[in-house]
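First the structure, in the form of structure tokens, and then the observations on it.
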Amino acid sequence: MAMLEYFVHLDNYDPPTDLVLAVAEVSDEVIRESVTVSELPANWRDGAAPPEFTRFGDQFVSAGKSCVLFVPSVLAPNENNCLINPAHAEFSRIVVRDLEPLTYDTRMFDKRAHRARKKS
């Protein structure tokens with residue numbers, strides 16, 4: 001979900017070429033919390049995130065109670081994105097696998113831009 005939410009904000013004529021994919025394993029014992037849809041502002045699914053939406057992440061980090069925060073996905077509200085607090089004491093319990101180049105389906109971007117780049 002996080003990848004899709006990232007891609008919807010990209011310029012479709014300028015796809016990124018330097019992204020990496022990081023897969024993390026988070027044990028069930030790591031302290032976590034969730035934000036529910038009912039806690040979010042009414043306009044939380046607008047194209048640009050409302051400024052008040054950032055308070056959830058700010059409070060999550062400043063409180064320091066949990067290592068992981070689940071927030072509803074704008075694209076699929078029944079799914080969640082996961083924020084990780086690297087300053088939390090339990091962060092060391094999260095295992096990040098080897099990074100790998102992120103390849104994406106070029107259909108996600110304007111095909112004309114890809115053809116023009118190939119010709120140059």
(request) Select from the stretch 17-32 the residues that are surrounded by 12 or more Cβ atoms within 10 Å (Cβ to Cβ) and under 16 Å from the mean Cα position of the chain (by Cα) and write down the one among them that is farthest from residue 80 (Cα to Cα). (result) 19
(request) Say whether the condition of being in contact (Cβ under 8 Å) with a residue 12 or more places away in the chain, among the acidic types (Asp, Glu) and in contact with a Phe, Trp or Tyr (Cβ under 9 Å, 6 or more places away or on another chain) is met by at least one residue in the stretch 11-28. (result) yes
(request) Being surrounded by 16 or more Cβ atoms within 10 Å (Cβ to Cβ) and outside any loop (DSSP other than H, G, I, E, B) is the filter; apply it to the stretch 82-94 and report the residue that is modelled with the highest pLDDT. (result) 90
(message) If I filter the stretch 95-113 down to residues being among the charged types (D, E, K, R) and part of a loop (DSSP other than H, G, I, E, B), which single residue comes out as modelled with the lowest pLDDT?
(response) 110
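Regarding residue 47, is this residue surrounded by 10 or more Cβ atoms within 10 Å (Cβ to Cβ) and free of Cβ contacts under 8 Å to residues at least 40 places away in the same chain? Lay out the reasoning, then the answer.
Working: surrounded by 10 or more Cβ atoms within 10 Å (Cβ to Cβ): no; free of Cβ contacts under 8 Å to residues at least 40 places away in the same chain: yes.
So residue 47 does not fit the description; no.
Condition check ((1) over 30 Å from residue 101 (Cα atoms); (2) not in a loop (DSSP other than H, G, I, E, B); (3) not assigned by TED's automatic domain parsing to the domain that holds residue 89) across all residues:
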{"residue": "5", "(1), (2), (3)": "no, yes, yes"}
{"residue": "11", "(1), (2), (3)": "no, no, yes"}
{"residue": "17", "(1), (2), (3)": "no, no, yes"}
{"residue": "45", "(1), (2), (3)": "no, no, no"}
{"residue": "55", "(1), (2), (3)": "yes, yes, no"}
{"residue": "62", "(1), (2), (3)": "yes, yes, no"}
{"residue": "66", "(1), (2), (3)": "no, no, no"}
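The values are calculated or read from the model by the stated rules, or taken from the named source; none is laboratory data. Note that this is a predicted model, so its numbers are computed, not measured. Quick reminder, even Gly has a Cβ in these numbers, built from the backbone with ideal geometry, and neighbours come from all protein chains shown.
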